[in-house]
1. I'd like the Karplus ³J(HN,Hα) series for the stretch 24-41: coefficients 6.51, -1.76, 1.60, θ = phi - 60°, whole numbers in Hz, and an x wherever there's a Gly or Pro.
2. Could you tell me the relative contact order of the chain? Use alpha-carbon pairs under 8 Å, at least six residues apart, and round to a whole percent.
3. For the stretch 1-41, with only Lys/Arg (+1) and Asp/Glu (-1) charged at the beta-carbon, what is the dipole magnitude about the Cα centre, in debye rounded to 20?
4. Toward the positive end of the charge dipole of the chain, about the Cα centre and with charges on Cβ (Lys, Arg +1; Asp, Glu -1), which of Pro26, Leu38, Ala2 goes farthest?
5. Separation between the Lys20 and Ala2 pseudo-spin-labels, each 7 Å from Cα along Cα→Cβ, expressed in nm?
6. State the extension gain, in nm to one decimal, for the chain segment bounded by Ser31 and Ser49, taking 0.36 nm per residue of separation less the distance between their alpha-carbons.
7. For helix 6-17, report the angle its Cα long axis makes with the longest principal axis of the Cα atoms of the chain; keep it between 0 and 90° and round to the nearest 10°.
Amino acid sequence: MAVISSKIFEEGRAAKTMGKPDSANPYEAGSQESLDWLEGYTADEPEPSAAGPDEN
């Protein structure tokens, strides 16, 4: 997914580092800002795989 605002991405990453829940996202659900924030928040998590756990 393309991040439009690196500032908002970094806000999300900082929130995760501080132990805040993903519900701390201050942006309107579905907005590009919200998506950028969540991308930062989940940046350190592995990408989900379409293959099942036994198929990797």
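1. Result, rounded to whole Hz: 6, 4, x, 9, 4, 3, x, 7, 4, 4, 4, 4, 4, 4, 5, 4, x, 4.
2. Details: 52 pairs, mean separation 23.1, N = 56.
For the chain, the relative contact order is 41 percent.
3. Values: 4 positive and 7 negative charges, 35 e Å.
Using Cβ point charges on Lys, Arg, Asp and Glu, the stretch 1-41 gives about 160 debye.
4. After comparing all options, I get Pro26.
5. According to this spin-label approximation, the distance is 2.7 nm.
6. On the way: separation 18, 0.36 × 18 = 6.48 nm, distance 2.49 nm.
Taking 0.36 nm per residue and subtracting the Cα distance, the gain is 4.0 nm.
7. Once rounded, one gets 70 degrees.
Every number here is computed from the coordinates shown, using simple stated rules; none is lab data. Given the structure is predicted, the values throughout are model-derived calculations rather than measurements. Backbone-built Cβ (ideal geometry, glycine too); neighbour counts: all protein chains shown.
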